[in-house]
Every structure is written in structure tokens, then in C-alpha cells.
């Protein structure tokens, strides 16, 4: 019986996921293009929020939010364990992400990333990092929020990695509050849901397939207060953000972490 329920759930989610891509996604892309052409940020935000919440629902995720994001532009720092982290944050607010350069060439995801004003970073390239910082500065000065995964990589969720502070310079230079966000995938028993995370460098399509087959799960989003530093220290702000995320994750069975730098 349980096998039948498992199979039925997977088939239903797979059908909904396919319909979302084939029928809803083109409308999402059209809405974003119209919003950009006619400078309608509220429409852009509504489209992305609605699409993100639909994706989370199709994947069987219920969401609870603790804390509230400010209405003014912010610089978000969040932990990163899954591609679902992006629609999770977009379900709250419209924010331009920083992603690795390779994503630009991924089918569907790459197009969506470019439409979502993702800034692409070539890892290990100092010139690329400086260009990204300048792009983020311009975006923040225009009153638009930014979201960064400061670990610089996806983890398996068993720990919180080191927070890199280089990109936080954009927030300090523009005096934009840095808002830490802790994303926790939780089972019904209150423990970390390790099944939602990427495993053993698996391919994206394999990860999506596995997510669709999992039982319904829950994600908690903990939003911290906006952080600033009178001394304009990126290190101090980054460490405060790291400490907030670490404290929230430690309430479940996340392991000890490394410090930010």
C-alpha cells in the first residue's frame, strides 16, 4: 500500500511539474518581459513570487516564515543546500542572485536566471569578482535587493560552511542592511531533512526527480534583523550574519560550523 501511495504521489507531482513548465512557465517569462519593458517592478515581483510558490507547492514543500523582511532594499545572506533555496527566497521578495558562470548555459534554468537579473561570477577570477561587486553596487543604488549564498557552494546540509565576505563589500559601500536568512528543511519529528539536499554531486535533473518522489516536507525560513557596521567592516557584518544562521540551524541537528572570514 505504501509503495502504491509513493508511486501515485510521484506521478501526480511529475504531471504537475510538467504542466507548470509547459503551460505556466511561458506566461511567467512573458510577465517578466512585460514588467521589464514597461518598468513595472511590482508586476515583476508578483510574477516571481507566484511562480516560486507554485514550484514549492508542486515539490511538496510547505513554508513557514519567522521574522519579516524590510520593504527597502536589502542584501540577503543565506545558507545553501538545494536549488529550492532560490524559489524559497523569491517567495518572500524579489532579489537578484549571484550565480556561478556555468548556470548561464543551463537549459531553462539559465534563461530564468538571466531573466531574473542574476549576476554571474567566474569562480577564482579576481576581475570577475570586482565586476560582480560593481554590478551589485549599481543594483542596490537603484533600490533593488540582492541575495547571495556566501558559502560559495551547495552543501549537503549537515553543516554550515564558511561565509566568504568579498561580495558583502557591495552592501557596505552602499550602506545597505545585510539581512541573514536561515533556511531549514525539517521533518515532522523536528530533525533536519537530509533528503532534500544535493547528494554526492548528483545531476540537477536527478535531484529534481528525487525531490518529486519524496514525502511532503516542511521548510522554515528565519529572517534576521538588518545588520550594519559603523566601521564599514565587511568582516564584522559577515560574522554577525553567520552567527545568526548558525544559531538558527543549531536548533535542529545541524553540526558545528566553521567561522566566516
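The values are calculated or read from the model by the stated rules, or taken from the named source; none is laboratory data. Keep in mind the model is a prediction, meaning the values are calculated, not measured. A quick note on method: Cβ atoms are made from the backbone with ideal geometry, for glycine too, and the neighbour counts reach across all protein chains shown.
Some notes on this structure:
- Those residues of region 13-52 which are surrounded by 17 or more Cβ atoms within 10 Å (Cβ to Cβ) and under 30 Å from residue 143 (Cα atoms), in sequence order: 25, 28, 31, 32, 35, 44, 47, 48, 51, 52
- Output for region 118-159, where each listed residue is at pLDDT below 90, touching a helix residue (DSSP H, G or I) at 6+ places or on another chain (Cβ under 8 Å) and over 17 Å from residue 89 (Cβ atoms): 120, 121, 122, 123, 128, 129, 156, 158
- Residue 186 vs. criteria over 26 Å from residue 73 (Cα atoms), touching a strand residue (DSSP E or B) at 6+ places or on another chain (Cβ under 9 Å) and surrounded by 14 or more Cβ atoms within 10 Å (Cβ to Cβ): yes
- Residue tally, condition part of a loop (DSSP other than H, G, I, E, B) and touching a residue at least 40 places away in the same chain (Cβ under 8 Å), over region 176-206: 7
- For the criterion of being more than 22 Å from the chain's Cα centre (by Cα), at pLDDT below 95 and either farther than 30 Å from residue 228 by Cα or surrounded by fewer than 17 Cβ atoms within 10 Å (Cβ to Cβ) (or both), residue 4 passes.
- Selection status of residue 173, surrounded by 14 or more Cβ atoms within 10 Å (Cβ to Cβ), in a helix (DSSP H, G or I) and in contact with a helix residue (DSSP H, G or I) (Cβ under 7 Å, 6 or more places away or on another chain): yes
- Filter result (touching a residue at least 60 places away in the same chain (Cβ under 8 Å), part of a loop (DSSP other than H, G, I, E, B) and more than 30 Å from residue 23 (Cα to Cα)) within region 119-151: 143, 149, 150, 151
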